[in-house]
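Take a look at the structure below.
The values are calculated or read from the model by the stated rules, or taken from the named source; none is laboratory data. The structure displayed is predicted, hence computed values, not measured ones. Neighbour counts run over all protein chains shown; Cβ positions are idealised from the backbone, glycine included.
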């Protein structure tokens, strides 16, 4: 499954549940994912819906940097986010509490990866 297909699946699954599942969270998170080329996606959570945008939006609350392998392993649950952060497999800047919350949310919607 490609990175783009993963993001499509996350967006689809996230919008199948009531928006209340996100506990009022509103945020934009930027993801830089390196494979053969670097791909950039923004996960946007609003009061109405969850959207995934290829590229970068103007304002983001946190930014993730990792390679495709660790991105897939994180979503599959075979990589602990905190351990990956502490060992440099994932770099995060911005709101770290939000980053941890987003990781938990994304994992919920990526069980099929």
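Looking only at the stretch 56-71, residues that are under 12 Å from the mean Cα position of the chain (by Cα) and at pLDDT below 90 come to 0 in all.
For (1) free of Cβ contacts under 8 Å to residues at least 12 places away in the same chain; (2) within 16 Å of residue 92 (Cβ to Cβ), each residue gets a yes or a no:
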position	(1), (2)
5	yes, no
10	no, no
18	yes, no
29	no, yes
34	no, yes
58	yes, no
63	no, yes
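All but one of (1) in a helix (DSSP H, G or I); (2) surrounded by 17 or more Cβ atoms within 10 Å (Cβ to Cβ) hold for residue 41, so report the exception by its number. (1) is the only condition that residue 41 fails.
In summary, helices (runs of 4 or more DSSP H) completely within the stretch 64-113 and bearing 2 or more residues that are farther than 20 Å from residue 4 by Cα occur at 81-86, 96-108.
Residues in the stretch 76-106 that are over 14 Å from residue 29 (Cβ atoms) and crowded, with 16+ Cβ neighbours inside 10 Å: 79, 84, 85, 89. Here residue 35 fulfils each of the conditions (1) in contact with a strand residue (DSSP E or B) (Cβ under 6 Å, 6 or more places away or on another chain); (2) closer than 20 Å to residue 4 by Cα apart from (1). Given the residues 33, 45, 113, 90, which is the only one that is closer than 15 Å to residue 8 by Cβ and at pLDDT 90 or above? Within the list 33, 45, 113, 90, the selection yields 33.
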